[in-house]
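Report on the structure given below.
Please treat every number below as a calculation from the coordinates, not as lab data. Everything quoted here is computed from the prediction, not taken from an experiment. Here the Cβ positions follow ideal geometry from the backbone for every residue, glycine too, while neighbour counts run over all protein chains shown.
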Amino acid sequence: MIDYKDIKRAANLVTHSIGPADIAVILGSGLGGYEEQLIDPAEIDYGEIPGFPTSTVSGHAGKFIAGTLKGKRVLVMSGRFHSYEGYGMGKVTLPVRVMRLMGVKTLIVTNAAGAVNMDFKPGDLMLIEDYINLSGRNPLRGKNLDRFGPRFPDMTYAYDRELRKIAQEEAEKLNIDLKHGIYCWMNGPTFETPAEIRMARTLGADAVGMSTVPETIVARHSGIRVLGISSITNMAAGVLDQPINHEEVLAAGEMVKEPFRQLVNAIIGRLPDEEIVEM
């Protein structure tokens, strides 16, 4: 169990190295490179941060980069951690706790996802409206970190309604056909079976993946507003009569890098300046 002192120690080091931030962006598989447009960037490798694990997945760089974008202080998390890598939920979500102590108030969390909705196609961007947790895991299990949030946090609006409205408005201005849907989290690392995808579709899922929900839960517990965007990189198992592999996921991520960059930039430009509050 990671305690407040461990989180504070990591946050102090990161803030001293690269500065505070108002907004954070977690990059999913294949979406790396977004950080290249930051003005006056500073970075720190995860290996330099006490308590941080290392990302072992191709397409995840493994560093925090902070800089200025649209007049805002933005922190980009290039590479995330997953429970299928063998890390406990405390480690998987430690970066979000650190973000909160760095002053982050708004988190844009992204991922590569498989399309469960038959009307979606690779190359689409999906605005996450809600999630279904089929992993059997919850990052808040165990002793509650009272300094961050309550024992039983509300998840009625896990993905902020105002942020979703902004995202839709900016997508329309950019002529991006932004899909809307429910993201289903399964633990992985195997891709889902056709039977699991049929179950997810029956439950109301539009896309499926192996991340995002733990960070969302901890961000909301910490009082951070969350916006979620999925990059649809493949049709989920059973939709097409062909196997799925990670290389195709990464390649499909390249297809959406430019519209993704434009959309996230526009959203950040709409966000208000917020005063950093110490915890």
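Of all DSSP bridge pairs formed entirely within segment 4-270, close to 35 percent run antiparallel. For segment 4-270, the ratio of Cα radius of gyration to the globular rule of thumb 2.2 N^0.38 Å stands at 0.94. Each Lys and Arg contributes +1 and each Asp and Glu -1, all at the Cβ; summed about the Cα centre of the chain, the dipole is approximately 840 debye.
Could you work out Rg/(2.2 N^0.38 Å) for segment 99-206, with Rg from alpha carbons only?
My calculation over the Cα atoms of segment 99-206 gives 1.23.
Each of E192, E36, E129 has some number of other Cβ atoms within 10 Å of its Cβ, and from fewest to most they run E36, E129, E192. Relative to the dominant Cα principal axis of the chain, helix 194-203 is inclined by about 70°. Taking one quarter of the surface of the C-alpha convex hull of segment 1-151 gives a mean projected area of 9.9 nm². Put a dot 7 Å past the Cα of Q262, heading toward its Cβ, do the same for A195, and the two dots end up 4.4 nm apart.
Arranged from highest to lowest average of other beta-carbon atoms within 10 Å per residue, in what order do the peptides 258-271, 87-100, 160-173, 111-124 appear?
Highest-to-lowest ranking by the protection proxy: 87-100, 111-124, 258-271, 160-173.
Quick one: M155, M186, fewest Cβ neighbours within 10 Å first, how do they rank?
Ordered from fewest to most neighbouring Cβ atoms within 10 Å, M155, M186 come out as M155, M186.
Taken about its Cα centre, segment 21-155 carries a charge dipole of roughly 540 debye when the Cβ of each Lys and Arg holds +1 and the Cβ of each Asp and Glu holds -1.
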